[in-house]
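Asks: Just passing along the structure, written as structure tokens.
A short reminder: the numbers here are calculations on the coordinates, not readings from a lab. Keep in mind the model is a prediction, meaning the values are calculated, not measured. A quick note on method: Cβ atoms are made from the backbone with ideal geometry, for glycine too, and the neighbour counts reach across all protein chains shown.
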Amino acid sequence: MNELRKDPILGNWVIISPERGKRPQAYAQLQRVIKKKETVCPLCSGNESLTPPEIYALRPKRSKPDTKGWGVRVVPNRFPALGRKKELVRKRLGMFDVMSGFGAHEVIIETPEHDKNLKDQSVKELSKVLKTFQYRIEELYKDKHLHYCLVFKNEGWEAGASLEHPHSQLIATPVIPKRIKEELVGSRNYFKGRKRCVYCDILSQERKNGERIVYENKEYLAFCPFASRFPFEIWLLPKKHNADFCSRTTKESISLLADALRTTIQKLAQALDNPQYNYVIHTAPNPISRHGYGKNIDRNFHWHIEIIPRLTRVAGFEWGADFYINPMAPEEAARSLREKEIR
């Protein structure tokens, strides 16, 4: 039966319309992988000269920058959306506000191995990638002009990846993105009325209900959200309240996060025959930029990862109304994923 569901954070409504959809296994047949032919991959080990000079790398102490031997490597995007070489300038053109293209756009090369995708990486290897995300965010937040860092991954051509080699990206902006603002405001409003974090309440209810859970370990929970916008949409949250992805993270916690993220992606791969997907990390803004969202931001916001398999297209109603139609009930999607056993 079709129904409308309301997102408790943003207040947006979605239409859950399983009558329009297919069985979970049918979505695997919809995947169309388009591979870009590359004569030489600029991200592979040995081709360091084909990228801009590295910003940071995990490599043996005596190895030189921009040489072989690294485990994780960070370089500027060759075609950056924003750059730090430009000065931050704000101006108005009549009624319009304009800023110079100040910011940062980095590529995190996850592994020297061309075909070792996230689901194939070990917990130890993926932990190093996650620690690199944290380090780069902390470094960029030293610049008071950078208000937000968004880490994201585009897996597959239709998900926006232009290179096959496993990599993620980070874009730092001089403003807080609208979606993040909406989450901060929604979290603040919920906290005002209940003196509790909305994400913590969601976690509590999902664990109590159980039917939308995909995977759970000691510290993290992956589940299909109640008001899922897309088929097989998954959120991954720390079970212990934490607003900042970079704070209070022990070695064990990072390993457990790597386990939860890898297992979730492996379940998606099994259920949907290696779908293309995006994931994004939503965390609190630069500490100097949090004053506009109340003094309780550390108590009312909760960092999380959103994973979106690219299974359906956004059409006219979605674009025109910002009102999504999801042809797969999250309960059915979660059950299908939960049943997949990972060796």
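Asks: Enumerate the aspartates and glutamates that Lys208 could reach by cross-link, defined here as Cα to Cα under 18 Å, with residues fewer than 8 away along the same chain left out.
Replies: Straight-line reach from Lys208, under 18 Å: Glu216, Glu219, Glu331, Glu332.
Asks: To the nearest 500 deg cm²/dmol, what mean residue ellipticity at 222 nm is calculated for the chain from DSSP H runs of n ≥ 4 alone, each contributing -39,500 (n - 2.57), summed and divided by the residues?
Replies: On the way: 7 runs with 88 residues, N = 343.
After summing the helix terms and dividing by residue count, I get -8000 deg cm²/dmol.
Asks: Can I ask one more? Under the 0.36 nm per residue contour assumption, what length would be gained going from the current alpha-carbon distance of Lys68 and Val175 to full extension? Mind dumping the intermediate values first?
Replies: Numbers: separation 107, 0.36 × 107 = 38.52 nm, distance 3.64 nm.
Answer, rounded to one decimal: 34.9 nm.
Asks: Between Asn154, Asn326, Asn209, find the one with the highest GNM mean-square fluctuation for the chain; connect C-alpha pairs within less than 10 Å.
Replies: Ranking Asn154, Asn326, Asn209 by mean-square fluctuation puts Asn209 first.
Asks: Let me ask you something else. I need the helices of the chain that pass two filters: whole DSSP H segments spanning 18 Å or more by Cα along the axis, and mean Kyte-Doolittle score no lower than -1.0. It would help to have the intermediate numbers written out before the result.
Replies: Working: long enough: 123-140 (26 Å, -0.33); 178-194 (24 Å, -1.37); 251-272 (31 Å, 0.27).
Flagged H segments are 123-140, 251-272.
Asks: Rounded to the nearest 0.05, what FRET efficiency do Phe79 and Phe323 have when you use their Cβ-Cβ distance and R0 = 45 Å?
Replies: Values: r = 33 Å, r/R0 = 0.74.
Efficiency, from the Cβ-Cβ distance: 0.85.
Asks: Once R0 is set to 25 Å, what does the formula 1/(1 + (r/R0)^6) return for the Cβ-Cβ distance between Glu339 and Lys6, expressed as a FRET efficiency to the nearest 0.05?
Replies: Numbers: r = 28 Å, r/R0 = 1.13.
Computed FRET efficiency for Glu339 and Lys6 comes out at 0.35.
Asks: Obtain the nm distance between the two label points defined at Glu139 and Phe96 by a simple spin-label model: each point lies 7 Å from its Cα along the Cα-to-C-beta direction.
Replies: 3.5
Asks: Using the count of nearby Cβ atoms within 10 Å as a rough guide to exposure, how do Cys149, Cys224, Cys200 rank from fewest to most?
Replies: Cys200, Cys149, Cys224
Asks: Of Arg78, Arg207, Arg290, which is the most mobile in a GNM of the chain whose springs link Cα atoms less than 10 angstrom apart?
Replies: Arg78
Asks: A further question on this structure: With all pairs of different alpha carbon atoms counted, what Kirkwood hydrodynamic radius in Å does the chain show? Intermediate values should be presented prior to the final figure.
Replies: Details: mean 1/r = 0.0471 Å⁻¹.
In the chain this quantity evaluates to 21.2 Å.
Asks: Turning to a different aspect of this structure: May I ask you to compute the full-extension gain from Glu158 to Cys200, defined as 0.36 nm times their residue separation minus their alpha-carbon distance, rounded to one decimal in nm?
Replies: 11.8 nm
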